[in-house]
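Undergrad: Below is one structure. I have some questions about it.
The values are calculated or read from the model by the stated rules, or taken from the named source; none is laboratory data. Just so it is clear, the structure is predicted and the values come from calculations on it, not from any experiment. For neighbour counting, all protein chains shown are included, and Cβ atoms are generated from backbone atoms with ideal geometry for every residue, glycine included. Surface areas here come from the heavy atoms of the whole protein model, side chains and all, with no ligands, DNA or RNA. Shrake-Rupley method; radii C 1.70, N 1.55, O 1.52, S 1.80 Å.
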Number of protein chains: 2
Amino acid sequence: MSQPVLIAGQWIASKGDRTFQAVNPATCESLADKFPVSPWAEVEQAIHAAANASAAMRGWPGERFARFLERYADRIEARSEELIELAHTETALPKQPRLKDAELPRTTNQLRQAASAARAGSWTQPTIDTKANIRAMFGPIGPVAVFGPNNFPFAFNSAAGGDFAAAIAAGNPVIAKGHSSHPATTRVFAEEALQAIRETEMPPALVQLIYRTSHEDGAKLVGHRLMGATGYTGARHAGLVLKEAADRAGKPIYLELSSINPVVVLPGALEERMDAIVTEFSSSCLMGTGQFCTNPGLVILLAGPKTETFIQAVGQKFGESPVGTMLGEGVQKSFASAIDTITKAGAKIVAGGAVGGGRGYCYQNTLLRVDGDHFLENSEALQTEAFGNGSLFVVASSVDQMAAVIEHLEGNLTGTFYSATTGADDDAYDRLAPAVRTKVGRLLNDKMPTGVAVSPAMNHGGPFPATGHPGFTAVGIPAAIHRFGMLQCYDGIRPHRLPELLQNRNPGSVFRLVDGRWTTDDIA
Amino acid sequence: MSQPVLIAGQWIASKGDRTFQAVNPATCESLADKFPVSPWAEVEQAIHAAANASAAMRGWPGERFARFLERYADRIEARSEELIELAHTETALPKQPRLKDAELPRTTNQLRQAASAARAGSWTQPTIDTKANIRAMFGPIGPVAVFGPNNFPFAFNSAAGGDFAAAIAAGNPVIAKGHSSHPATTRVFAEEALQAIRETEMPPALVQLIYRTSHEDGAKLVGHRLMGATGYTGARHAGLVLKEAADRAGKPIYLELSSINPVVVLPGALEERMDAIVTEFSSSCLMGTGQFCTNPGLVILLAGPKTETFIQAVGQKFGESPVGTMLGEGVQKSFASAIDTITKAGAKIVAGGAVGGGRGYCYQNTLLRVDGDHFLENSEALQTEAFGNGSLFVVASSVDQMAAVIEHLEGNLTGTFYSATTGADDDAYDRLAPAVRTKVGRLLNDKMPTGVAVSPAMNHGGPFPATGHPGFTAVGIPAAIHRFGMLQCYDGIRPHRLPELLQNRNPGSVFRLVDGRWTTDDIA
């Protein structure tokens, strides 16, 4: 008997005849629970239930969604011990500090920030032209499918993470497609979501959960005429299949696909504070066994003795550092295959380079190097994402060649510069940074990109293939909520029929763009 | 000898061996000038020149783009007589009031509004988190290809219209793909753009012009790795080919494809002011020979004697009204084919229904009707866009059936309600309007949708297939500019390296979202 799926407010037995089990990555052993692969009829049932919920919620005030999100956050905290235990078993991520002290609070914090934004309505950007009597704001886009990744069982969970919170805050129901690596964790989230739905009297289909579908059915889901949009975080190949299906149907899909996060270390910085940079880089690159979207996977350096010392020191650090457990066999295999591709493309191994070195699924901490000439000849293969505890150092012969390397970069989530505090690197910075700026969503100075603060100014996004559209961020409230809104204009609508946020009286203290000025005032 | 193309600041002879000529729609005769179909090498040359221009302009202040746009607007005005003459010959649109008094001023107004937004930087939405020292704003996305439509030779021209103005205001070069129906008009715009480029010392490739390419090369253009984004307004089929190519490459493409703009006329409104509605509807539907994206192509009515009177009256008005000239043979053929599809799907002809009735390419003013049962059985075919002087009336048997008809609607740019001023229709409105709201970008009360004000609160957009993404508008400043921006975050960037708009001192009086509050203040 497999675990039930959550459809239209009921935990029901799946009609699928195929099941799967999660695996404990630290022991490589399958876990007991069997989870169903849902057949299309089940997915379609969820879509129709979501569409009905969406219709039932038309015109609902943000307050309703805020209450649900807050109640849900409370319930998650009340059940946090079980969640931490399950996620640890399913992902091998450390319980402390990672799951308990970092990721779980981040998750409930995101839900509460999303609740605040829903309540205030700030994310809707009310815009009023009093002279023409045209008024506009963002409103819900319709049912949202969320495909969560393997590497954040809480903070990006399909039934509790950032995309989930944003989609609900915008007033949409969510169909969560749980990641196969942590289904039990996702089930507990969905259980609590359902309770929160009941307690706050939301439509039962506000949150639904299926664990797995065929690739074909996943594509049908994201392109279905009743769906509003999709959020996907995960591997590039699977994401592109969904993107094609959604694009063909004209349904927005927001993807976070791959990123190698170039770090440019300028020579003056190495001159000035090499040891600190060795430590910062190694910690950032090996933390969480390197399984972060913003892991620094490519470092661009200028050839010279200091750079050689730096490479040696990082190589040594990689050799000495404990090897973490990866999230699963798939991650280990992909990482091994990427290292293979990169070495075949001309990179040399400085440290690591083989499976093993730790517990369960693992691969040695791996440092690779290649010179600028080789990189320019083979830049596509050398930008293969190695998702895990590894990085490729590109040693350029001149600042000109560093610039050429940068011009060959694909789109990334982040780009980082380390430079001398004395100004010694400023010419090189001024030359190189504007080019990196156009290739990345977030530009950093003097710190590693692995921290992604939940800030209104954050951009966890970037040009393709990092994401599907460089104008949106997956982290940061209220910006992340916009992805799940549609622009709704009211032209000459009778006053009493306008949404509260667009009426002359400002219903709260929400900022509105009135005749070109942002104000919290009423309209006279 | 064919007309030259504008590449990298030079008017050069095209290397293409194929040419085309525009046709005067009023006489059905070809015009003298021959225009080239550019081969791929020429398109590629334009892409590389645009990419270089884009790189050269990195970090430039909005002031530079504002000066260019304003100078260009002045030059257009100075040459307006010639433009009006050419556009009239190429499109058969009336010189007055349409081209001279409405469309040309609208075009220069858009350019100047875009200039203001570029100068102020208001469109960049600077967002600052002082505590975390994370700052973000929108910046240029890269070279933009603009494909203009046939129906607005000025206001949506690929080298002067709304998409053009928005792309430049965001700091991007434009590759204009002129519409084949008005190439000479577009050439004059590009001549003036080049002069304005020289006078304001912008990169020569800021504006380039090609007149036509093969479909394959158009697809290669929008998906090219050096391109930033594409704006397309035109027929659905051609747009979807470009969309697929751009989507596959992960390049944003903004499309305006098709819309039938449902109008719901509730019974109390007919009771109260039938004559006025007959006049308003007929003028709106026949104006410009119905060749507007927001033409009211579908009217939903409740069965009854008043509705029969209304249909008869509109039919009579259509029969009495002069038949306008269409933009070309293609428009006439598409319109005839759409009317054929709609009648085959069960609609009956009330008025018109045949080619002719006016001068040049034309088709009788055509009114069709179908009952709600037939519509629900065949809703896809009955939503075929008939771009021109026609409309389909759907007569529903009950408010329930009106609701069902609305649930079957595809995405549209606009949705309109006429209702009694007494409140007699309010129950029906409250029932139906929320459903229409989710299907359209702009909701209207008591007026026809054909007017599209250039207002910050305008939404000229809507769910697919009206456009490719329901979160963006093609008209309205600053919102339309966002389409051509990428989100750029600065995380821990040294203060002197920040863009001026993100530094602690507010460089002008631009509104910035600082720690959750929109303000024009400096940061302490």
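Undergrad: Can you name the strands (runs of 3 or more DSSP E) wholly within region A:226-290 that have at least 2 residues being among the aliphatic types (A, V, I, L, M)? Quick ask: steps written out before the conclusion?
TA: On the way: elements: A:229-233, A:253-256, A:262-265.
The qualifying strands (runs of 3 or more DSSP E) are A:253-256, A:262-265.
Undergrad: Can you tell me how many residues in region A:81-109 are closer than 23 Å to A:SER180 by Cβ and either in a helix (DSSP H, G or I) or open to solvent by less than 50 Å² (accessible area, probe 1.4 Å) (or both)?
TA: The total comes to 19.
Undergrad: Then there's this: Restricting to region A:343-354, what's the tally of residues that are open to solvent by 70 Å² or more (accessible area, probe 1.4 Å) and among the aliphatic types (A, V, I, L, M)? Let's see the steps before the verdict.
TA: So in region A:343-354, the residues open to solvent by 70 Å² or more (accessible area, probe 1.4 Å) come out as A:344, A:348-349.
Going one step further and asking which of them are among the aliphatic types (A, V, I, L, M), we end up with A:349.
The total comes to 1.
Undergrad: Taking region A:58-74, which residues are closer than 22 Å to A:TRP11 by Cβ and surrounded by fewer than 19 Cβ atoms within 10 Å (Cβ to Cβ)?
TA: Applying the first criterion (closer than 22 Å to A:TRP11 by Cβ) to region A:58-74 yields A:68-69, A:71-74.
A:ASP74, the sole residue that qualifies.
Undergrad: While we're here: Take region A:406-419 and flag every residue that is touching a strand residue (DSSP E or B) at 6+ places or on another chain (Cβ under 8 Å) and surrounded by fewer than 24 Cβ atoms within 10 Å (Cβ to Cβ).
TA: At the first step, the residues of region A:406-419 found to be touching a strand residue (DSSP E or B) at 6+ places or on another chain (Cβ under 8 Å) are A:406, A:409, A:411-419.
Residues satisfying the conditions are A:ILE406, A:LEU409, A:GLY411.
Undergrad: Tell me, please, whether a residue that is open to solvent by less than 30 Å² (accessible area, probe 1.4 Å) and in a loop (DSSP other than H, G, I, E, B) can be found in region A:371-385.
TA: Pass one, region A:371-385, residues open to solvent by less than 30 Å² (accessible area, probe 1.4 Å): A:372, A:375, A:379, A:381-383.
Applying the additional criterion that residues be in a loop (DSSP other than H, G, I, E, B) yields A:383.
Yes, region A:371-385 contains at least one residue that is open to solvent by less than 30 Å² (accessible area, probe 1.4 Å) and in a loop (DSSP other than H, G, I, E, B).
Undergrad: Determine which single condition A:GLU42 fails, assuming it passes every other condition in (1) closer than 22 Å to A:PRO143 by Cβ; (2) charged (D, E, K, R); (3) open to solvent by 50 Å² or more (accessible area, probe 1.4 Å).
TA: Failing condition for A:GLU42: (3).
Undergrad: Within region B:114-134, can one find any residue that is surrounded by fewer than 24 Cβ atoms within 10 Å (Cβ to Cβ), in contact (Cβ under 8 Å) with a residue 12 or more places away in the chain, over 30 Å from A:GLY476 (Cα atoms) and not basic (Lys, Arg)?
TA: no
Undergrad: Being of a type in the set (Val, Ile, Thr) and open to solvent by less than 30 Å² (accessible area, probe 1.4 Å) is the filter here, so list the residues in region B:329-342 that pass it.
TA: Let us first name the residues in region B:329-342 that are of a type in the set (Val, Ile, Thr), namely B:331, B:339, B:341-342.
If the condition is that a residue be of a type in the set (Val, Ile, Thr) and open to solvent by less than 30 Å² (accessible area, probe 1.4 Å), then B:VAL331, B:ILE339, B:ILE342 are the ones that fit.
Undergrad: Still on this structure, please answer the following. Looking only at region A:439-467, which residues are closer than 20 Å to A:TYR418 by Cβ, within 7 Å of chain B (Cβ to nearest Cβ) and open to solvent by 10 Å² or more (accessible area, probe 1.4 Å)?
TA: If the condition is that a residue be closer than 20 Å to A:TYR418 by Cβ, within 7 Å of chain B (Cβ to nearest Cβ) and open to solvent by 10 Å² or more (accessible area, probe 1.4 Å), then A:ASP446, A:LYS447, A:ALA453 are the ones that fit.
Undergrad: Return yes when B:ALA303 is modelled with pLDDT of 95 or more and either open to solvent by less than 40 Å² (accessible area, probe 1.4 Å) or charged (D, E, K, R) (or both) and no when it is not. Lay out the reasoning, then the answer.
TA: On the way: modelled with pLDDT of 95 or more: yes; either open to solvent by less than 40 Å² (accessible area, probe 1.4 Å) or charged (D, E, K, R) (or both): no.
No; evaluated as a whole, the condition is false for this residue.
Undergrad: Before we move on, is A:ALA480 in a loop (DSSP other than H, G, I, E, B), in contact with a helix residue (DSSP H, G or I) (Cβ under 8 Å, 6 or more places away or on another chain), more than 7 Å from every other protein chain (Cβ to nearest Cβ) and surrounded by 24 or more Cβ atoms within 10 Å (Cβ to Cβ)?
TA: On the way: in a loop (DSSP other than H, G, I, E, B): no; in contact with a helix residue (DSSP H, G or I) (Cβ under 8 Å, 6 or more places away or on another chain): yes; more than 7 Å from every other protein chain (Cβ to nearest Cβ): yes; surrounded by 24 or more Cβ atoms within 10 Å (Cβ to Cβ): yes.
No; evaluated as a whole, the condition is false for this residue.
Undergrad: Any residue at all in region A:262-279 that is modelled with pLDDT of 95 or more, under 20 Å from A:ARG442 (Cα atoms) and out of contact with any helix residue (DSSP H, G or I) (no Cβ under 9 Å at 6 or more places or on another chain)?
TA: No, because not a single residue in region A:262-279 is modelled with pLDDT of 95 or more, under 20 Å from A:ARG442 (Cα atoms) and out of contact with any helix residue (DSSP H, G or I) (no Cβ under 9 Å at 6 or more places or on another chain).
Undergrad: Specify the residue that is nearest to the other protein chains (Cβ to nearest Cβ); the eligible residues are those in region A:144-161 that are open to solvent by 10 Å² or more (accessible area, probe 1.4 Å) and out of contact with any strand residue (DSSP E or B) (no Cβ under 7 Å at 6 or more places or on another chain).
TA: A:PHE152
Undergrad: Of all residues in region B:228-246, which are of a type outside the set (Lys, Arg) and surrounded by 24 or more Cβ atoms within 10 Å (Cβ to Cβ)? Walk me through how you get there before you give the answer.
TA: Here is the first cut: in region B:228-246, the ones of a type outside the set (Lys, Arg) are B:228-235, B:237-242, B:244-246.
Scanning region B:228-246 gives B:GLY228, B:ALA229, B:THR230, B:GLY231, B:TYR232, B:THR233, B:LEU242, B:ALA246.
Undergrad: Quick check on my filter: what residues within region B:355-370 are open to solvent by less than 40 Å² (accessible area, probe 1.4 Å) and either closer than 23 Å to B:VAL395 by Cα or in a loop (DSSP other than H, G, I, E, B) (or both)?
TA: Within region B:355-370, B:GLY356, B:GLY360, B:TYR361, B:CYS362, B:ASN365, B:THR366, B:LEU367, B:LEU368, B:VAL370 meet the criteria.
Undergrad: I need every pair where a residue in region B:493-508 that is closer than 20 Å to A:PRO449 by Cβ has its Cβ under 6 Å from the Cβ of a residue that is in a loop (DSSP other than H, G, I, E, B), sequence separation at least 6 or different chains.
TA: Pairs found: B:LEU502/B:PRO126.
Undergrad: Look through B:PRO173, B:PRO183, B:PRO267 and report the one residue that is in contact (Cβ under 8 Å) with a residue 40 or more places away in the chain and open to solvent by 20 Å² or more (accessible area, probe 1.4 Å).
TA: Values: B:PRO173 fails: open to solvent by 20 Å² or more (accessible area, probe 1.4 Å); B:PRO183 fails: open to solvent by 20 Å² or more (accessible area, probe 1.4 Å).
On inspection, the qualifying residue turns out to be B:PRO267.
Undergrad: Going by what's in this entry, would A:ALA196 be described as part of a helix (DSSP H, G or I), surrounded by fewer than 24 Cβ atoms within 10 Å (Cβ to Cβ), modelled with pLDDT of 95 or more and of a type outside the set (D, E, K, R)?
TA: Numbers: part of a helix (DSSP H, G or I): yes; surrounded by fewer than 24 Cβ atoms within 10 Å (Cβ to Cβ): yes; modelled with pLDDT of 95 or more: yes; of a type outside the set (D, E, K, R): yes.
So A:ALA196 passes the test.
Undergrad: Continuing with this model, one more query. Quick one: would you say A:ASP430 is of a type in the set (Asp, Glu), more than 7 Å from chain B (Cβ to nearest Cβ) and surrounded by fewer than 23 Cβ atoms within 10 Å (Cβ to Cβ)? Don't jump to the end; show me each part of the working.
TA: Numbers: of a type in the set (Asp, Glu): yes; more than 7 Å from chain B (Cβ to nearest Cβ): yes; surrounded by fewer than 23 Cβ atoms within 10 Å (Cβ to Cβ): yes.
So A:ASP430 fits the description; yes.
Undergrad: Restricted to region A:491-524, and to residues that are facing chain B (nearest Cβ under 9 Å) and among the hydroxyl-bearing types (Ser, Thr, Tyr), which residue is most open to solvent (accessible area, probe 1.4 Å)?
TA: Applying the filter and picking the extreme gives A:THR520.
Undergrad: Out of the residues in region A:16-29 that are closer than 16 Å to A:LEU209 by Cα and in contact with a Pro (Cβ under 6 Å, 6 or more places away or on another chain), state the one that is most open to solvent (accessible area, probe 1.4 Å).
TA: Start the filter on region A:16-29 by keeping residues that are closer than 16 Å to A:LEU209 by Cα, which leaves A:16, A:19-20.
Filter once more, keeping what is in contact with a Pro (Cβ under 6 Å, 6 or more places away or on another chain): A:16, A:19.
Numbers: A:GLY16: 20, A:THR19: 72 Å².
Among those residues, the one meeting the criterion is A:THR19.
Undergrad: Restricting to region A:434-461, name every residue that is in contact (Cβ under 8 Å) with a residue 40 or more places away in the chain and assigned to a helix (DSSP H, G or I).
TA: A:VAL436
Undergrad: Residue by residue through region A:16-57, note down the ones that are in contact with a strand residue (DSSP E or B) (Cβ under 8 Å, 6 or more places away or on another chain) and either in a helix (DSSP H, G or I) or modelled with pLDDT under 95 (or both).
TA: A:GLY16, A:GLU42, A:VAL43, A:GLN45, A:ALA46, A:ILE47, A:ALA49, A:ALA50, A:SER54, listed by residue number.
Undergrad: If A:PHE335 satisfies all but one of (1) in a helix (DSSP H, G or I); (2) touching a residue at least 60 places away in the same chain (Cβ under 8 Å), what's the number of the condition it fails?
TA: Looking at each condition in turn, A:PHE335 falls short on (2).
Undergrad: Quick check on region B:108-143: of everything there that is facing chain A (nearest Cβ under 10 Å) and of a type in the set (D, E, K, R), which residue is nearest to B:VAL222 (Cα to Cα)?
TA: The selected residue is B:ARG135.
Undergrad: For region A:306-328, which residues satisfy the criterion of being out of contact with any Pro (no Cβ under 8 Å at 6 or more places or on another chain) and open to solvent by 50 Å² or more (accessible area, probe 1.4 Å)? Working first, answer last.
TA: Taking region A:306-328 and keeping what is out of contact with any Pro (no Cβ under 8 Å at 6 or more places or on another chain), we get A:308-324.
Of everything in region A:306-328, those that are out of contact with any Pro (no Cβ under 8 Å at 6 or more places or on another chain) and open to solvent by 50 Å² or more (accessible area, probe 1.4 Å) turn out to be A:GLU308, A:THR309, A:GLN312, A:GLN316, A:LYS317, A:GLY319, A:GLU320, A:PRO322.
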